[in-house]
Every structure is written in C-alpha cells, then in structure tokens.
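Here's the structure, in structure tokens; my notes come after.
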Amino acid sequence: MGEVYVEIVAKQKGCILCDLAICILEEIAPEFTPGMLRWSVVDVGDRIGLSRMEELSRCCGKRPAVPSIVINDKIAFDHIPDMEALSRAIREVVAGNAATGQNIE
C-alpha cells in the first residue's frame, strides 16, 4: 500500500483560507489507515517554508499558489477544495500507487 504525502502551502499567520485548508485535512485524515497519509504545512512565512516552496516550484514545474495543496510533489489544488474532493484526490493517489506497486515518499 502506498503512502501519500500531502503538503499545504500556506501562511500560518493571518490567512483564513490557509487555516481552512489545514482544518479540512485534519478532518479527513482519520479516514485513512495509519501510516497511509502523512501531511505537513509549508509555511511561506518562514525560511524553511520558503526553501521548501522553491523545491516544490522546481519539481511541480510552477510555483504553487498560497494556499494550495500538493500531493506527492504534484499540485493537486490551487484553491481550497471541499472535504470530499480532497479525500477523493488522496484515495485516487493511493489507488494509483497500489496499482503500480509504488510506495511514494
């Protein structure tokens, strides 16, 4: 079974939409088997976050919007999806990983 890594590109302080994206992911995370879903926030308000944002820009081929959601180094949403859309996107990645035998970091 493949692992899915979700990154929320956000500004931790003062961004209501960023907070909403984090809340949505926190809400759906328990739907997944332990170890299947890892997630983190790329806080563009600090140096580490800005550095990761540059890495994501290179691997995604464009700079992710703030806020946006990146799944396994691919921009999945450049807006805030509803819970069902995000859950479905994660499940599709899991199904794709299982079908190809991949275990994505």
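Only the coordinates and a few stated rules stand behind these numbers; no lab work does. Keep in mind the model is a prediction, meaning the values are calculated, not measured. Because the Cβ atoms are built from the backbone with ideal geometry, glycine has one as well, and the counts that use them run over all protein chains shown.
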Within the chain, the cysteines whose Cβ lies no closer than 4.7 Å to any other cysteine Cβ are Cys23, Cys59, Cys60
Taking Lys and Arg as +1 and Asp and Glu as -1, residues besides Ser40 with C-beta under 11 Å from its C-beta add up to 0
1/(1 + (r/R0)^6) with r = Cβ-Cβ of Gln12 and Glu84, R0 = 25 Å, i.e. FRET efficiency to nearest 0.05, evaluates to 0.45
Charge tally for neighbours of Ser68 with beta carbon under 10 Å away, counting Lys, Arg as +1 and Asp, Glu as -1, is -1
Residue separation between Arg91 and Glu55 times 0.36 nm, minus their alpha-carbon distance, gives in nm 10.5 nm
For the chain, averaging the sequence separation of alpha carbon pairs under 8 Å that lie six or more residues apart and dividing by its residue count, the contact order in percent is 39 percent
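Starting from the alpha-carbon convex hull of segment 1-97, give the projected area averaged over all orientations, in nm².
5.8 nm²
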